[in-house]
Amino acid sequence: MATSKFEIQSVEHRHDVIEFTWTDLGGIYLVYRDGRLLYEGNTAKFRDGHFKHAKMYHYTIEHVVNDKVVAVIALQTTGFAEERNAKNPLQFLVMTTIVAKTQIVLSWEEIKDVKEYQVYRNGTLLGKVQKNAYIDREFSLEESYTYKICSKRPLAKSEEKLSKGKATAAKIYSLFIPANERRKPTIERFTVTKVIANPRSLLVPVLEKRKPETIDDWQVRYTTFLRESLIKNPNRLSSKQFFQGDGRDFHPTDAHYRTRVDIELNYGNPTFPIKCTRDVGETVAFNRLGRIQDKETAGEDGIAFEKSIHQQGEVGFLLTHAVKNPLVKAPSIDYEVRAVLCRNGLFDMTGYHDQAPHHEIYLIRGMGSAWAPVHLAESEGLAWMSGLIGWHYWRYSNFE
């Protein structure tokens with residue numbers, strides 16, 4: 001009897017329903033959600049109407065023949081969100097990941113007015129698609145994978161109501177920008193990343209799975225920096241013609257930066273499980289002759305942190321950032337991060353930021369682990385720091 005084609009055939013999300021079908025090979029099927037048995041029968045279809053909106057769930061579909069599990073499908077998805085966040089279209093984006101012996105499927109809610117998606121696996125471009133799904137059949141059951149889906153759209157198609165204000169801000173700020181760079185800030189970018197454990201570990205029958213290892217210690221680090229050692233002020237009328245940069249590339253522990261925020265979560269500490277540390281680098285300005293004209297460090301008031309979720313086994317936070325150059329009138333470095341870090345090892349992080357300067361986000365999951373990159377974004381130039389133009393939206397989550 002063939003089990004190699006045991007695959008999901010369709011997944012449908014409606015307001016109060018998650019429904020999926022799979023290849024009917026005969027026999028009995030079991031459907032679990034987060035380890036709890038919800039269905040047992042011979043129909044290759046399941047409908048779930050009892051879930052929390054926007055919450056991520058892990059389904060396991062098992063094919064049973066003669067009381068033995070002969071094939072497994074793992075499916076991760078989120079319930080359809082009742083509300084949407086116009087400031088971040090990716091926050092409640094419905095993302096579905098399917099892992100079977102013969103396929104890994106990535107399916108995501110269509111992003112309005114995006115014409116093409118680029119799909120990467122472990123940094124290598126797999127292909128470009130016009131539809132909001134990708135099927136990978138060339139993979140190893142023993143290897144973990146990081147998939148990245150990149151796309152963009154014109155700013156005029158933004159879901160934010162302030163798109164006209166963005167365009168106006170772009171035109172004003174572009175007076176200081178070279179003509180060949182002025183059109184760039186009218187593009188929004190989207191990056192969705194899914195980290196998938198090796199498929200063999202996901203395709204273990206539920207009753208045979210080991211209890212997941214708890215992750216008590218988490219660290220998140222968000223740094224903004226300037227790659228150049230010296231930055232020319234786009235305002236040629238200013239007496240401060242140059243600013244000192246950080247002279248480095250992406251690196252989680254480099255001591256040079258514009259701003260750095262560290263968030264530490266310790267589930268083992270019941271009195272204060274999460275804390276935030278803020279630091280702002282010194283701004284140094286030079287005159288036309290290259291001599292230091294002024295130096296000052298911006299305040300930390302523009303960096304705000306709050307817990308958004310705090311319940312057993314699940315902690316979330318909201319981090320917002322708006323820090324300006326303290327020496328001249330210039331746009332602030334703006335970003336936002338929302339994250340949920342679960343004690344069972346799952347995480348879901350999303351945010352958006354100006355496309356300047358460089359932004360780097362890293363994660364440590366578990367005591368003794370190394371920094372893992374979450375999101376690395378190169379600066380597109382100082383024009384991208386102008387208030388309400390051309391955000392880069394991102395989301396990063398895992399399936400294991």
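Pairs linking a residue in the stretch 257-285 that is within 13 Å of residue 318 (Cα to Cα) and without any contact (Cβ under 8 Å) to a residue 40 or more places away in the chain to a residue that is surrounded by 13 or more Cβ atoms within 10 Å (Cβ to Cβ) and of a type outside the set (Ser, Thr, Tyr), with Cβ atoms under 8 Å and 6 or more positions apart or on different chains, are 275/263; 275/264. Select, from 118, 130, 91, 103, the only residue that is in contact with a Cys (Cβ under 6 Å, 6 or more places away or on another chain) and not charged (D, E, K, R). Just one listed residue meets the conditions, 118. Among the conditions (1) farther than 29 Å from residue 87 by Cα; (2) open to solvent by less than 10 Å² (accessible area, probe 1.4 Å); (3) in contact (Cβ under 8 Å) with a residue 60 or more places away in the chain, residue 344 misses just one, which is (2).
Quick check: anything in the stretch 63-83 within 19 Å of the chain's Cα centre (by Cα), farther than 21 Å from residue 34 by Cα and either of a type in the set (Lys, Arg) or modelled with pLDDT of 95 or more (or both)? Within the stretch 63-83, none of the residues are within 19 Å of the chain's Cα centre (by Cα), farther than 21 Å from residue 34 by Cα and either of a type in the set (Lys, Arg) or modelled with pLDDT of 95 or more (or both).
The condition (being within 27 Å of residue 328 (Cβ to Cβ) and touching a Cys at 6+ places or on another chain (Cβ under 8 Å)) is satisfied by just one residue among 261, 280, 284: 261. Of the residues 257, 222, the single one that is of a type outside the set (Lys, Arg) and touching an Asp or Glu at 6+ places or on another chain (Cβ under 7 Å) is 257.
The requirement of being under 18 Å from the mean Cα position of the chain (by Cα) and of a type outside the set (S, T, N, Q) is fulfilled nowhere in the stretch 322-329; no residue meets it. Within the stretch 176-209, the residues that satisfy the criterion of being modelled with pLDDT under 85, open to solvent by 30 Å² or more (accessible area, probe 1.4 Å) and in a helix (DSSP H, G or I) are 176, 179, 180, 181, 184, 186. Taking the stated definitions as given, is residue 33 farther than 22 Å from residue 190 by Cβ, surrounded by fewer than 20 Cβ atoms within 10 Å (Cβ to Cβ), under 27 Å from the mean Cα position of the chain (by Cα) and at pLDDT 95 or above? Here the answer is yes, as residue 33 does meet what is asked.
Restricting attention to the stretch 210-246, the residues that are touching a residue at least 12 places away in the same chain (Cβ under 8 Å), open to solvent by 60 Å² or more (accessible area, probe 1.4 Å) and either in a strand (DSSP E or B) or under 27 Å from residue 62 (Cα atoms) (or both) add up to 6.
The values are calculated or read from the model by the stated rules, or taken from the named source; none is laboratory data. On a predicted model such as this, the values are computed, not experimentally measured, just so you know. Reconstructed Cβ throughout: ideal geometry from the backbone, glycine too, with neighbour counts over all protein chains shown. Accessible surface areas use protein heavy atoms only, side chains included; no ligands, DNA or RNA. Shrake-Rupley method; radii C 1.70, N 1.55, O 1.52, S 1.80 Å.
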